[in-house]
Amino acid sequence: IYSGIFNSRTGINQTNQFPVGENITRSLNPAQGSIQKLYAEDTNLIVFQELKVSRALIDKDAIYSAEGGGTVTSSNLVIGAIQPYAGEFGISRNPESFATYGYRKYFSDKNNNVILRLSRDGLEEISRFGMIDYFRDELNTDFTDGKVLGGWDIYSDQYVVSTQRSKSGSNYNTLSFDGQVQGWTSFFTFKPDAIFSSQGYFYSAKNNKGKVLTATLE
């Protein structure tokens, strides 16, 4: 459900308005689980459910012919037609595993015990590059109060993921995927609470009794 428009340039702010007479809702299949993350990219809105990943047109709609072809047209709809990506994959309940660089999105699917990459070619299992057994065992365990934390290392051009089975203790593994060699290249010793890149450097952050300590990886 979405509200009215917001335009900072003209001062229009209708974010507190939800007129019932207008088409302000867009529904997905509830059988695919709850929506865990939304990501806007150009004219597409990528929707990550627990069991499915879909994309929806923003401010546009699609008209389909009898032959199955589609033509994108301008529309007053905020969210247009929803199209699922091929493959029975989702983001499970780990939106914190999401990371993006360019047109590539990386995330985990704990329900299927895989790590995925979403690009213009669609969904691809990157955990199959020499790590099928590893992630099958690693993700097929109890994460009662843990998480699967992901981030993009802009310095080394790699996706970094940390599987943390619990908030405390040493029951974790942090490793990186290099798309240039199509493989998992490194294991690390740190257990981050947050990982991100800024101005060409990669940072890991650790929450230490309310204080955030950062370390730069070069």
_Restricting to region 118-133, and then to whatever is part of a helix (DSSP H, G or I) and in contact with a strand residue (DSSP E or B) (Cβ under 8 Å, 6 or more places away or on another chain), can you tell me which residue is nearest to ASN171 (Cα to Cα)?_
SER127
*Candidate set: region 112-132, residues that are at pLDDT 95 or above and open to solvent by 90 Å² or more (accessible area, probe 1.4 Å); chosen: the one nearest to SER197 (Cα to Cα)*: ARG128
*Which one is nearest to ALA31 (Cα to Cα), of the residues in region 48-79 that are part of a strand (DSSP E or B), modelled with pLDDT of 80 or more and open to solvent by less than 60 Å² (accessible area, probe 1.4 Å)?*
GLN49
_Evaluation of GLY102 against (1) at pLDDT 95 or above; (2) more than 12 Å from LEU51 (Cα to Cα) (one fails), failing number_ = (1)
*What is the residue count in region 23-47 for residues that are modelled with pLDDT of 95 or more and either part of a loop (DSSP other than H, G, I, E, B) or in contact with a helix residue (DSSP H, G or I) (Cβ under 7 Å, 6 or more places away or on another chain) (or both)?*
4
*Among (1) β-branched (Val, Ile, Thr); (2) part of a loop (DSSP other than H, G, I, E, B); (3) within 18 Å of PHE196 (Cα to Cα), which single condition is VAL148 missing?*
(2)
*What is the residue count in region 90-107 for residues that are open to solvent by less than 40 Å² (accessible area, probe 1.4 Å) and over 20 Å from PRO30 (Cβ atoms)?*
6
*Have a look at ASP145, ASP178 and point out the one that is among the acidic types (Asp, Glu), free of Cβ contacts under 8 Å to residues at least 40 places away in the same chain and open to solvent by 50 Å² or more (accessible area, probe 1.4 Å).*
ASP145
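Yes or no, residue by residue, for (1) of a type in the set (Asp, Glu); (2) open to solvent by less than 70 Å² (accessible area, probe 1.4 Å); (3) more than 15 Å from VAL78 (Cα to Cα):
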| position | (1), (2), (3) |
| --- | --- |
| GLN17 | no, no, no |
| ARG26 | no, no, no |
| GLN32 | no, yes, yes |
| ILE35 | no, no, yes |
| ASN44 | no, yes, no |
_I'm told ILE1 meets every condition in (1) within 30 Å of ARG120 (Cα to Cα); (2) at pLDDT 85 or above except one. Can you identify the failing condition by its number?_
(2)
*When the residues of region 170-207 are filtered to those that are under 19 Å from the mean Cα position of the chain (by Cα) and among the charged types (D, E, K, R), which remaining residue is farthest from GLU125 (Cα to Cα)?*
ASP193
_region 151-170 residues that are within 12 Å of SER186 (Cβ to Cβ), paired with ones that are among the small types (Gly, Ala, Ser) and open to solvent by less than 20 Å² (accessible area, probe 1.4 Å) (beta carbon under 6 Å, 6 or more apart)_ = GLN158/SER176; TYR159/ALA99; VAL160/GLY151; VAL160/SER176; VAL161/GLY150
*May I ask you to say which residue of GLY183, GLY146 is small (Gly, Ala, Ser) and either under 20 Å from PHE89 (Cβ atoms) or at pLDDT below 95 (or both)?*
GLY146
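The values are calculated or read from the model by the stated rules, or taken from the named source; none is laboratory data. Since we're looking at a predicted model, the values are computed, not measured. Every residue, glycine as well, gets a Cβ built from its backbone with ideal geometry; the counts of neighbours run over all protein chains shown. Only protein heavy atoms, including side chains, enter the accessible area calculation; ligands, DNA and RNA are left aside. Shrake-Rupley method; radii C 1.70, N 1.55, O 1.52, S 1.80 Å.
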